[in-house]
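The values are calculated or read from the model by the stated rules, or taken from the named source; none is laboratory data. Just so we're clear, the structure is a prediction, and the values are computed from it rather than from any experiment. Note that we place each Cβ from the backbone using ideal geometry, even for glycine, and neighbour counts take in every protein chain shown. The accessibility values were calculated without ligands, DNA or RNA, using every heavy atom of the protein model including side chains. Shrake-Rupley method; radii C 1.70, N 1.55, O 1.52, S 1.80 Å.
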Amino acid sequence: MTNLRRLDLNLLVTLDALLAEHNVTRAAQRLNFSQPSVSVHLAKLREIFGDPLLLPGPRGMRPTARAEALREPLRQALEALEQAVAPASPFDPASAGNTWRVAASDYGESTIILPALISLRSVAPGTRLAVFEAVPARLARQAEQGEIDLAFHTHEGSPENLRRRTLFSERYVLAGRAGHPQLAVTPTLEQFCRLEHVVVSPDGGGFFGNTDSVLSEAGLQRRVVLSVPHFLFIMSVLASSDLVAMLPWRLVRNNRALQVVEAPIEVPGFEMAMLWHERSHRDPAHQWLREHIVAAVS
């Protein structure tokens, strides 16, 4: 460690050139240094290693046994260092073998991951994708520790210390089964309140949501008869009953089993964001994945 602290990179680069050229002048030309500078470096190296390293010979300088022992380990170390500090190479999706880990709710799976998946398999067939449940309280720690590469969450409630990019704005619509007799046209507000509603309660057991807050401000109340924790189940419920639900438009826009109409009441929507940690921000593969997802949901 004592010798290592006395060394700097320039000395090691000079030693590598001297061991390759066996000549101070040629080593100086190779490094674009002056000959006196290389001579000074050689003197310092001899002092640090306690060895002459290069001795005068009939055809230039010849390395000592110590210098010969240093040659290959030094070359390997400098090559490894050059690779470490070299600019990141462009990401090639066609030959990539990355495993990406993303956190999303079932809503994010349906509206973000699914649209991106088909093209992802086409252009980056050697990659893999692992999807984890998005738990807001865990996202910052998971991203910081490298357990996830990306997370998808609403702007509201997202960790403040993660980078973010808005993917899209979402609005709410009223949905029920295809052919629902009361959804042939947009129901009146009174009719809306008389319908039997199902709500998504991520924490479980809740019967009050954003729609109920808006209705309450108007002195109204709807009939919420079912509370479920996930969107996937609510789709099956709607398709097989006369229950209705206020759901994000992107979630139901292409579902032929459902009838979708505008609601008679305006409920504030939300913005979906893509989140990631600073540690991954400049990584070419990570940048490519983010842009791929943005293009897929645009």
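Show me the strands (runs of 3 or more DSSP E) entirely contained within region 1-105 in which 1 or more residues are on the phi < 0 side of the Ramachandran plot and at pLDDT 95 or above. Qualifying strands (runs of 3 or more DSSP E): 99-104.
Conditions tested, residue by residue: (1) within 18 Å of Ala103 (Cβ to Cβ); (2) open to solvent by 50 Å² or more (accessible area, probe 1.4 Å).
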{"position": "Val228", "(1), (2)": "no, no"}
{"position": "Ser240", "(1), (2)": "no, yes"}
{"position": "Met246", "(1), (2)": "no, no"}
{"position": "Val252", "(1), (2)": "no, no"}
{"position": "Gln259", "(1), (2)": "no, yes"}
{"position": "Glu266", "(1), (2)": "no, yes"}
{"position": "Leu275", "(1), (2)": "yes, no"}
{"position": "His281", "(1), (2)": "yes, no"}
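Scanning region 225-263 for residues that are in a loop (DSSP other than H, G, I, E, B) and in contact with a helix residue (DSSP H, G or I) (Cβ under 8 Å, 6 or more places away or on another chain) yields His230, Leu243, Asn255, Ala257, Ala263. Thr25 fulfils the conditions (1) surrounded by 14 or more Cβ atoms within 10 Å (Cβ to Cβ); (2) touching a helix residue (DSSP H, G or I) at 6+ places or on another chain (Cβ under 9 Å) except for a single criterion, (1). When we screen Gly206, Gly157, Gly176, Gly146 for residues that are within 29 Å of Trp276 (Cβ to Cβ) and open to solvent by less than 50 Å² (accessible area, probe 1.4 Å), the only hit is Gly146.
Scanning region 28-54 for residues that are touching a Pro at 6+ places or on another chain (Cβ under 9 Å) and open to solvent by less than 60 Å² (accessible area, probe 1.4 Å) yields Ala28, Leu53, Leu54. If you filter region 127-138 down to residues that are modelled with pLDDT of 95 or more and either open to solvent by less than 40 Å² (accessible area, probe 1.4 Å) or among the acidic types (Asp, Glu) (or both), you find that the one that is nearest to Thr154 (Cα to Cα) is Ala130. Determine whether Leu117 is without any contact (Cβ under 8 Å) to a residue 24 or more places away in the chain and either open to solvent by 50 Å² or more (accessible area, probe 1.4 Å) or not in a loop (DSSP other than H, G, I, E, B) (or both). Taking the combined requirement at face value, the residue satisfies it.
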